[in-house]
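The values are calculated or read from the model by the stated rules, or taken from the named source; none is laboratory data. Everything numeric here is computed off the predicted structure, so don't read it as measured data. In this analysis, Cβ positions are derived from the backbone assuming ideal geometry, glycine residues included, and neighbour counts consider all displayed protein chains.
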Amino acid sequence: MKAVILAAGFGTRMRPITHTGPKQLLPLANKPVIQYIVEKLRDAGISELCLIVGYMKAPLMEFLGDGSGFGVKITYRDQLERKGLAHAVSIAKEWVGDDSFIVLLGDIIFNMPIKDMVGQHEASGAPCSVALFPVNDPEKFGVAEVDDGTILRVVEKPKEPKTNLAIAGIYFFSGPEVWDIIGKLKPSARGEYELTDTIETFLKRKRPVNAVKLKGSWKDTGQPEDLLEGNRFILNELTTDIRGTVSEEAVVRGVVAIGKGSTIGKDVIIRGPVTIGEGCTIGPDCIIGPYVSIGNNVTVKNTSIEESIMMDECKIDYPIKLVNSILGRAASVGVGNLSSHTVEFVLGDHSFVRRS
Ligand code: G1P
């Protein structure tokens, strides 16, 4: 089995962060979203990967390279126009050849092993399987109606969803029929060639489509609040690993990882789960956590941070409580002595907030 990963989109729902980088490289617990996907494929024994790239492809290709650093082999194909997910898949047609293949969106995070999903797809004998996950806001997704493990109907972003089962962005295809269907698709109401319509066509042709119900957690990290939720679920699997220096006047509680060269100073309380990268200076007077991921070379002073992501080289020295925030690389929240406030930020790379 081969894998096609769709990573060409603009990431508009994650702006301003995606003005300066692809959404697939946004870090969860200090590791890019796409790396979790690549490693999960490798762990399932799937080593031939094709990435469909477009917007911000250079940093993505630079990070993943030919895949050898991650134990896989990666090929890249360009999607020059954004014409939808099925169009993106069609670009990999020659590369896939006659093999069965899995299609994954490049910005989803999940913990069910891919091997288990492949097993279910192969056991079903169906030409197509679709992973589903129950959500509270199904109207934002493709939604499936299911009977006894078989999909009966799929609708893209229905106004009145019949179920809460979202199409999770993981699809399996075996046999040549998928190429025939994609080749005959018409653009949807939003002007895109949809994978949801591809599935619906299998059903119209009375072909079985198997439902793979995902176990554990799943998240499409397309929006800031989803990225923060994904960060929470990855941090729940963190293990303690302290390589930096912790002051005797600091308190570290719960599961915490601190990279080498980082110092946790005086009057700092760290409430895990928290991960802090390398070369960071935390303190004095900080409360960090729970559910905070801090990248490399970050400085935090006089600040309280909860449920947030700070990317590399950020700086905060501000007596505020930061919650549900995402700070892009080298963003800074300026120096000052304002009275305490609770604030919420999504700051792109090199942004700053300060009192003039
Ligand atoms: C796409 C699919 C949708 C699926 C979703 C999963 O939506 O079209 O069926 O449920 O991904 O995240 P999009 O993110 O393109 O709006």
Report task. Please indicate, with yes or no, whether at least one residue in region 232-254 is in a strand (DSSP E or B), in contact with a strand residue (DSSP E or B) (Cβ under 8 Å, 6 or more places away or on another chain), buried (at least 17 other Cβ atoms within 10 Å of the Cβ) and at pLDDT 95 or above. Result -> yes
Query raised in the report: Do we have any residue at all in region 198-209 that's at pLDDT 95 or above and touching a Phe, Trp or Tyr at 6+ places or on another chain (Cβ under 7 Å)?
Result: yes
Requested in this report: Taking residue 262 as the residue in question, decide whether it is closer than 20 Å to residue 27 by Cα and in contact (Cβ under 8 Å) with a residue 40 or more places away in the chain.
Outcome: no
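Conditions (1) in a helix (DSSP H, G or I); (2) crowded, with 22+ Cβ neighbours inside 10 Å; (3) away from the ligand (no atom under 13 Å from the Cβ), marked per residue:
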residue	(1), (2), (3)
169	no, yes, no
172	no, yes, yes
175	no, no, yes
189	no, no, no
193	no, no, no
198	yes, yes, no
206	no, no, yes
212	no, yes, yes
Requested in this report: Looking for whichever is touching a Leu at 6+ places or on another chain (Cβ under 6 Å), within 21 Å of residue 295 (Cβ to Cβ) and away from the ligand (no atom under 16 Å from the Cβ) here; the options are 22, 32, 27, 16. Which one fits?
Outcome: 32
Report summary line: Residues of region 27-39 being crowded, with 20+ Cβ neighbours inside 10 Å and either touching a helix residue (DSSP H, G or I) at 6+ places or on another chain (Cβ under 6 Å) or hydroxyl-bearing (Ser, Thr, Tyr) (or both), in sequence order, are 28, 29, 32, 33, 34, 38
Query raised in the report: Can you name the condition, by its number, that residue 100 falls short on among (1) under 19 Å from the mean Cα position of the chain (by Cα); (2) within 24 Å of residue 195 (Cα to Cα)?
Result: (1)
Query raised in the report: When residues of region 131-156 are filtered for being farther than 16 Å from residue 219 by Cβ and touching a helix residue (DSSP H, G or I) at 6+ places or on another chain (Cβ under 6 Å), how many remain?
Result: 2
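For (1) assigned to a helix (DSSP H, G or I); (2) farther than 28 Å from residue 233 by Cβ; (3) modelled with pLDDT under 95; (4) within 16 Å of the ligand (Cβ to nearest atom), each residue gets a yes or a no:
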{"residue": "39", "(1), (2), (3), (4)": "yes, no, no, no"}
{"residue": "50", "(1), (2), (3), (4)": "no, no, no, no"}
{"residue": "62", "(1), (2), (3), (4)": "yes, no, no, no"}
{"residue": "74", "(1), (2), (3), (4)": "no, no, no, no"}
{"residue": "77", "(1), (2), (3), (4)": "no, yes, no, no"}
{"residue": "115", "(1), (2), (3), (4)": "yes, no, no, no"}
{"residue": "118", "(1), (2), (3), (4)": "yes, no, no, no"}
{"residue": "129", "(1), (2), (3), (4)": "no, no, no, yes"}
Query raised in the report: Does region 334-356 contain at least one residue that is modelled with pLDDT under 95, under 19 Å from residue 29 (Cβ atoms) and buried (at least 20 other Cβ atoms within 10 Å of the Cβ)?
Result: yes
